[in-house]
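The values are calculated or read from the model by the stated rules, or taken from the named source; none is laboratory data. Remember, it's a predicted structure, so these values are computed and weren't measured experimentally. Quick reminder, even Gly has a Cβ in these numbers, built from the backbone with ideal geometry, and neighbours come from all protein chains shown.
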Amino acid sequence: MRRISIFGATGSIGQNTIDLIARDRDAYDVVALTGGRNIARLAQDAVRLGAALAVTAHDELLPDLRAALAGTGVEAAAGSAALIEAARRPADWVMSAIVGAAGLAPGLAALEQGATLALANKETLVCAGPLVLATAKRHQARLLPVDSEHSAVFQALLGEDMAAVDRIIITASGGAFRDWPIEDLAHATLAQASTHPNWDMGQRITIDSASMFNKALELIETKEFFGIDPVRIETVVHPESLVHALVGFNDGALMAHVGPADMRHAIGYALHWPERRDLPVERLDLAAIGQLTFRAPDDARYPALRLARGVMAQGGFAGAVFNAAKERALDGFIDGRIGFLEMAAVVETVLERFDAAPEGRETVMTLDTVLAIDHLARDWADETIRQRAG
Ligand code: NDP
């Protein structure tokens, strides 16, 4: 039986992963499931899947988790140290689906014990790409992409030589506001930003899709995962979300990955890799779909893409700063302290401050140094938000 753990089990990716596992229950020995505030769902799935351990990220919720698991034989734990301890428990395959930089430390711990890490948490590579790749190499652990675009690129590159790759094109739905007049974006509400035209995802990534901060993170993730020069990474808006990515080769060929907007494809691919197995996803009827459309992204509408280009050029800790500032700006938008367009302005201010500051220069990248810079950038973002709001 394959030993597996799911970090972020109560979220959108976590639940899709559980959906696949539950269909073939006897094939898996579930080591640990983790969640945040959704204790009922965490406990229910831990019992249903016969997990050895369930962990909530929040210390204060431990009594609730213990109560929900009383008499079931599932061990309960809470807090960030417990998440790391869970990641250190031997497992063959670990799903990294916590949202935000909080996914970094458990992901690294899973790699250190040699597990295959299925990476939905793009922030892991954005914040600490070189550290994560070096850790995987040192422990002979494998990283597999779960983001649909990166899974698509990974599949298009099978058997190919990276030296023959001209470019990688990742597609973007354009999010909730792709057809809005730009002048209306300043007044976009939380409810409007929280609805995705094609994908059913967690609230934070849905808003990041509307602002294209999600695509910005994915550009950086592409650079880190595939080790490609950022000038060779392109984005194209593709409203149908059926072509997930394309790889262009030196002979002019473009290999496209086409599939339904269902994360169970990318999750299942990573789960069964290197095999392909039957997955419960729709088979596309191209004649019924009729047409696929593409258009260039508009930098004025999506400033996050321009910021990501700067981050990729800078390298080092710029990704950690970018992500931390983005997470706090997103919190600010969700709380109603700043408007939709101000998120990019906050991130840009923090990046400029970091650029002018000595922090991060000639600092060796370790988990501690990444987290210190993450905290600093969060403080700066909070300060910027207070100034804008006040
Ligand atoms: P959700 O918000 O749906 O789920 C996030 C999960 O992380 C939940 O289990 C949540 O617990 C848990 N969590 C939240 N905060 C913390 C924390 N501080 N510490 C530990 N656990 C925490 O997110 P998604 O599933 O949408 O996304 C997860 C990751 O996958 C993100 O990095 C996202 O960018 C990426 N991704 C998602 C896709 C999608 O289709 N959803 C597609 C591609 C990538 P609880 O809910 O119990 O509070």
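Here is how the numbers come out for the structure above:
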quantity	calculated
Any pair with Cβ under 7 angstrom, 6 or more apart, that starts in region 261-283 at a residue that is closer than 20 Å to Leu242 by Cβ and ends at one that is modelled with pLDDT under 95 and surrounded by 11 or more Cβ atoms within 10 Å (Cβ to Cβ)	Ala261/Asn198; Ala261/Trp199
Scan of region 331-345 for residues that are out of contact with any Phe, Trp or Tyr (no Cβ under 9 Å at 6 or more places or on another chain) and at negative phi, ordered by number	Asp331, Gly332, Ile334, Asp335, Arg337, Ile338, Leu341, Ala345
Residues (within 20 Å of Ile220 (Cα to Cα) and polar (S, T, N, Q)) located in region 111-142	Asn121, Thr124, Thr135
Scope region 331-351; condition free of Cβ contacts under 8 Å to residues at least 12 places away in the same chain and either in contact with an Asp or Glu (Cβ under 9 Å, 6 or more places away or on another chain) or part of a helix (DSSP H, G or I) (or both); matching residues	Asp331
Check on Leu157, away from the ligand (no atom under 16 Å from the Cβ), under 17 Å from the mean Cα position of the chain (by Cα) and of a type in the set (A, V, I, L, M)	no
Residues of region 349-377 classified as crowded, with 19+ Cβ neighbours inside 10 Å and either charged (D, E, K, R) or at positive phi (or both), total	2
Identity of the residue in region 269-296, out of contact with any Asp or Glu (no Cβ under 9 Å at 6 or more places or on another chain) and surrounded by 13 or more Cβ atoms within 10 Å (Cβ to Cβ), that ends up nearest to Ile182 (Cα to Cα)	Phe294
Residue satisfying condition, being away from the ligand (no atom under 16 Å from the Cβ) and not in a strand (DSSP E or B), within set Glu234, Glu240, Glu282	Glu240
Some residue of region 170-191 being aliphatic (A, V, I, L, M), in a strand (DSSP E or B) and in contact with an Asp or Glu (Cβ under 6 Å, 6 or more places away or on another chain)	yes
Candidate set from region 10-33 (those that are crowded, with 24+ Cβ neighbours inside 10 Å and within 18 Å of Gly73 (Cβ to Cβ)); member that is farthest from the ligand (Cβ to nearest atom)	Val30
Among (1) touching a strand residue (DSSP E or B) at 6+ places or on another chain (Cβ under 8 Å); (2) basic (Lys, Arg); (3) within 16 Å of the ligand (Cβ to nearest atom), the one test that Arg204 misses	(1)
Residue ID - surrounded by the fewest Cβ atoms within 10 Å (Cβ to Cβ), chosen from residues in region 121-137 that are assigned to a helix (DSSP H, G or I) and within 16 Å of the ligand (Cβ to nearest atom)	Gly129
Elements of type strands (runs of 3 or more DSSP E) in region 1-119, at least 2 residues being among the basic types (Lys, Arg) and in contact with a strand residue (DSSP E or B) (Cβ under 7 Å, 6 or more places away or on another chain)	2-7
Every pair of residues 6+ apart whose Cβ atoms lie under 7 Å, when the first sits in region 352-364 and is part of a loop (DSSP other than H, G, I, E, B) while the second is surrounded by 10 or more Cβ atoms within 10 Å (Cβ to Cβ) and among the polar types (S, T, N, Q)	Thr363/Thr369
Residue pairs meeting the criteria (Cβ under 6 Å; at least 6 apart or on separate chains; first in a helix (DSSP H, G or I), in region 138-158; second charged (D, E, K, R))	Glu149/Glu218
